[in-house]
Structure formats: C-alpha cells, structure tokens
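K.L.:
The structure under discussion is supplied below as structure tokens; questions concerning it will follow.
The values are calculated or read from the model by the stated rules, or taken from the named source; none is laboratory data. None of the values given here were measured: they were computed from a predicted structure. Cβ placement follows ideal geometry from the backbone for every residue including glycine, while neighbour counts extend to all protein chains displayed.
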Amino acid sequence: MSSLALYNTLTRQSHPFVPIKSGEVSIYLCGATVQGSPHIGHIRSGLNFDILRRWLTKSGYTVTFIRNVTDIDDKILQKAAIEGTPWWALAAKYEREFSQAYAALNVLAPTYEPRATGHITQMIEPMARLMEKGLAYSASNGDVYLEVSKLDSYLTLSHQKVEDLQSSTEDVRSESYKRDPHDFALWKSAKEGEPSWPTPWGSGRPGWHLECSAMIYAYLGEAFDIHGGGLDLIFPHHENEIAQSHGAGWPFANVWMHNAWVTASGEKMSKSLGNSLLVSTLLKKVRGIELRWYLGSAHYRSMMEFSQEALDDSSTAFRRIESFLFRATEILGKPPTPTFAPQFVDAMNDDLAVPLVLAQIAENLRIGNIALTNNDDKAISVAANEIRGALEILGCDPFDPAFASSAADLAPTLDGVIALALEQRNAARARKDFAASDAIRDGLSDLGVSIEDTPQGPRWSITPMEKR
RNA sequence: GGUGGAGUGGCCGAGAGGCGAGGCACAGGACUGCAAAUCCUGCUACACGGGUUCAAAUCCCGUCUCCACCUCCA
C-alpha cells in the first residue's frame, strides 16, 4: 500500500510525508481576515485543507489543526470607521459569517481557532527575540520593523531576489522610517482613534505577519508539519512569517501547501473586481453538500473557473450518487459502511488526487447501478461502501448529520402522504387509466416531488425549490 | 522587469514517454403504457513550429496566448 506524498511549495516537488512526531501531524492554516463576507474562494481554501485533515485523520494520525482569525488589520479599521461601528463589532460579524459558511459546507471546526487580538502577549516574545538578535529595530515613528538584510536568507519560498522586488508606493512614502524599503512592520505604532496595546517599544497594534508566527509558536511550538494557505499568501505573508520565525530561532514549517484560486471569467475573485461569489448567495441555489462537492472536485493546486453551468452539472451528478446510496440503503436495510479501495488510498496519497477519486466514484456508481438492476446485494454493498468511504473523506457523505436538514423530521409524514398518492397512481395504472396516473405524477412534479419507477416500486425525491 | 502557473474533444477536467481517466452535453439502442431513472453503444482530444526517441499530450529548443504574485488578498 502506498504512503502519503505531498507537494511542498518550498521545493516545488512532491515528497513522502514524514511527520516530526511519529503518529502526529500539526497543521496551521491561514484563515480569514474578517473584513467581509466569505466568498467561495475563501471557503475553497478551508475545504481543501479540511480534506487533507480528514485524510490524515483516517490514515491514523492524530491531527492538531489550527486555523486563525485575523480580527485586526487596516481594512477592518477603515471599514469600521466608514460604517461607524466599532472595529471589534465588524470583525465579529464577519467572523460569524465565516463560521456559518464553514459549517454549511461541513468544514470541520479546527482543533483551535485563535484570534489575533487574543495573542498580543504571545507576539511580544518573538519581537523581543528579534530585537535582542539585532534583526529588528524600533523606528522613529514608533513602528517596529524587521531588517530584511540582516537575515541569513529571505524569499526562499517564492524563490525571488530581494533586488527584483518592485517597491510599493507605501514603501516610497515611509522610506524615511525604514532602513530599507523591503523591511516590513512587525508592529505598527498607535494612531489616534485606533486600538492599541502596550509593548516595551511603545503601544500600537500588530502587523499582519507577526500574529501567525506568534500563534503557531503558542499552539504548535517551534517546529510543525504543514503550513497552508492560499497561493497569494506566499509573498509577502508567508515569506515574512518565515523571516520572523527563523529569525527568532525557530525551525518553523516543514511542508508548505498552497491552494489555487476560484476564478470568475478567467480572473481571480476579489472584491475590487466585483466578481465575488458569496457563499450565502450560492447556498440559495444549491445545498451545502452540493456546493462542497463542486468546490472540492478540482485538484487543490488547480485553478478552478466558476460557472453556474458547471455548478448545476456538478449538483446533478452528485444527486445521482446520492440517489444510488439511498436506494442501496433501502435494499440493504442499512446505510453503507465506509470502506477504502486500494485505488482510492493510492489516489489520496498522491498529493490528494481528488479528480482520480471522482473517476473511481463514477465507475463504482455504474457498477452499483448494474448491481441494483440485477438484485446483486453483495455487489451493491461493495460499491456503496466504497462510494461512501470516498465521500466521507471528501466531506460529502449524505448520511453525515452535518447535512441533515431541518425538514428531516417531517420526512416520515411526507413519506406517508406521498405513498398515499403513489398508491392511487398505481391503482390507476393497474386499470390502465393513464390519464389519471399521469395527472398524479404531474401534480406531484408541480410540487417538486419527482417520481422514478424502479423494479422495487416507485421512489420519490424532492427537487430543491430554487431549481424549479 | 523579476518569480511562478496554465493552454487537452461541444463543455468541464485527470494524466506527465508506450495498455482510449472520468463526467456533462449530444446521437443511437435496451427497459417503460408514456416518461423519469438506469444500463449498453457511439463521439479517439492534447496551443503552434521544430527536435530527441522504435514510441511524445508527456522530454528538449523556440513561438504565441492567458492567469497569478512582486508589501490589501484564500
């Protein structure tokens, strides 16, 4: 049986995964800066790493998964000022929206979810170490900067040269405070009307990068296994995390994993382009499990071009799978038991080759449907078990209580009512009164109840309201 | 300018030297009172130009196009 190999952004290659502590895996994922509503790109990141986490857990590792919340930054302060609400209220509002979106898509809650503002004390330590080593300095404006030129190495993740970097306009403006335009802020000095916390170098608020280094050290220690995030965090965020943490004397992350974008019309989704697709908007069109199936279907390192058509196709495909599992459950008298086929294990171990898994599911679905018509319970069971096993890792198990709808308790009643209608239809069909039988079927269909005649008798399912 | 990524059939999307990934759509067929669902069959593609090789979508050289990052970003 194969063992897990993961692609490491640091080396641009896949390597066999070897955890620091045998049997344990520590993961840190850069979570959201809670300054707006979550769009599907944000959630794709959480979802990709959720699949990794589920797979590691199923592979027998004890996984510690930390995903932070950045609840203080320039944009949060700006937006709060514009809206006239306290910055912490704005941050909390969007943090709740992210939590709801994660939950709707069955992204497991992290082992711990630290907030930046709750870890100011922990940020002092790396700053102090960097100051002691002479790698950081306190500038005349009260900011604390990391002096990039003093580092042993810099930009090892993005493989760039410092001199090739373009200087930003901000750097040009603040050059008088920085010793070098490429130095970056660990700590920003207190400004009128902005929140601040005291430090030995004056009061202020954290720079963007320091919080992650500090929280990683607090929860995962000096060295940990996997650091994840979106592709756009490689530079500057992750480079600067490396700079701070290495500078502080910590070995830091072993493997760096980065997920690719969801694009719309070929371009990265972003608020400035106005092409953001909010999770809440899409959840009005498809169920959470369907949106997850769609967003999880591409390989995590591949760009994913969103289209409504692709989402609809994907939902239809998922309902086929679901329908098979439900029919199998009815025939077998119990839900399938998740199992993992060797090919599935190989695919997941190959840097999470989800698209290969999709092909395996499609093949199993075909075999399972044939078994269904042949009344081959053994084959039905094998196919259903393997499909459910794969869906479980992908976080799309229809039997997962996380996806149970509030209407579930109405199901027995509905079932009875529809069964009654179907009895009438069968009676009509028996006396060859097809006008009457079709009228019943059409009537149910108008209400969103679709009927399938199977060798085991008619089945019904509900078509979501928005699809009609 | 620097650093990466991508271009695969009508559409989506894997693969990374040699047995047609897979899905959707479409066409034909089986089943059905008719549908739906399901199954079977068909649709044989790798941006362009060279090269290496017995063999290239895959390796090499060149070209074109698109995307991302270069201090807000998942």
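K.L.:
Filter segment A:176-194 for residues that are outside any loop (DSSP other than H, G, I, E, B) and closer than 16 Å to residue A:236 by Cα; which is nearest to RNA strand B (Cβ to nearest atom)? Give the steps one after another, and end with the answer.
P.N.:
Looking only at segment A:176-194, we keep the residues that are outside any loop (DSSP other than H, G, I, E, B), and these are A:184-189.
Of the ones still in play, those that are also closer than 16 Å to residue A:236 by Cα are A:184-187.
Working: A:184: 4, A:185: 7, A:186: 11, A:187: 13 Å.
Of everything passing the filter in segment A:176-194, A:184 is nearest to RNA strand B (Cβ to nearest atom).
K.L.:
Would you check if there is a residue in segment A:159-170 being away from RNA strand B (no atom under 16 Å from the Cβ) and modelled with pLDDT under 95? Before you say what the answer is, go through the steps one by one.
P.N.:
To start, the set of residues in segment A:159-170 that are away from RNA strand B (no atom under 16 Å from the Cβ) comprises none.
Among the residues of segment A:159-170, not one is away from RNA strand B (no atom under 16 Å from the Cβ) and modelled with pLDDT under 95, which makes the answer no.
K.L.:
While we're looking at this one, here's another question. Can you pull out the residues in segment A:11-44 that are part of a loop (DSSP other than H, G, I, E, B) and among the β-branched types (Val, Ile, Thr)?
P.N.:
Selection gives A:11, A:18, A:20, A:34.
K.L.:
OK, next. What tally of residues in segment A:329-370 results from selecting those that are within 12 Å of RNA strand B (Cβ to nearest atom), farther than 19 Å from residue A:57 by Cβ and touching a helix residue (DSSP H, G or I) at 6+ places or on another chain (Cβ under 7 Å)?
P.N.:
Residues flagged as within 12 Å of RNA strand B (Cβ to nearest atom), farther than 19 Å from residue A:57 by Cβ and touching a helix residue (DSSP H, G or I) at 6+ places or on another chain (Cβ under 7 Å) within segment A:329-370 amount to 9.
K.L.:
So which of A:222, A:241 ends up being within 24 Å of residue A:134 (Cβ to Cβ), touching a Cys at 6+ places or on another chain (Cβ under 6 Å) and either surrounded by 15 or more Cβ atoms within 10 Å (Cβ to Cβ) or at pLDDT 95 or above (or both)?
P.N.:
Being within 24 Å of residue A:134 (Cβ to Cβ), touching a Cys at 6+ places or on another chain (Cβ under 6 Å) and either surrounded by 15 or more Cβ atoms within 10 Å (Cβ to Cβ) or at pLDDT 95 or above (or both) holds for just one of A:222, A:241, which is A:241.
K.L.:
Quick one: would you say residue A:197 is farther than 21 Å from residue A:21 by Cβ and either crowded, with 19+ Cβ neighbours inside 10 Å or within 16 Å of RNA strand B (Cβ to nearest atom) (or both)?
P.N.:
Here the answer is no, as residue A:197 does not meet what is asked.
K.L.:
Out of (1) more than 16 Å from the chain's Cα centre (by Cα); (2) within 13 Å of RNA strand B (Cβ to nearest atom), the odd one out for residue A:221 is which?
P.N.:
Result: residue A:221 passes all but (2).
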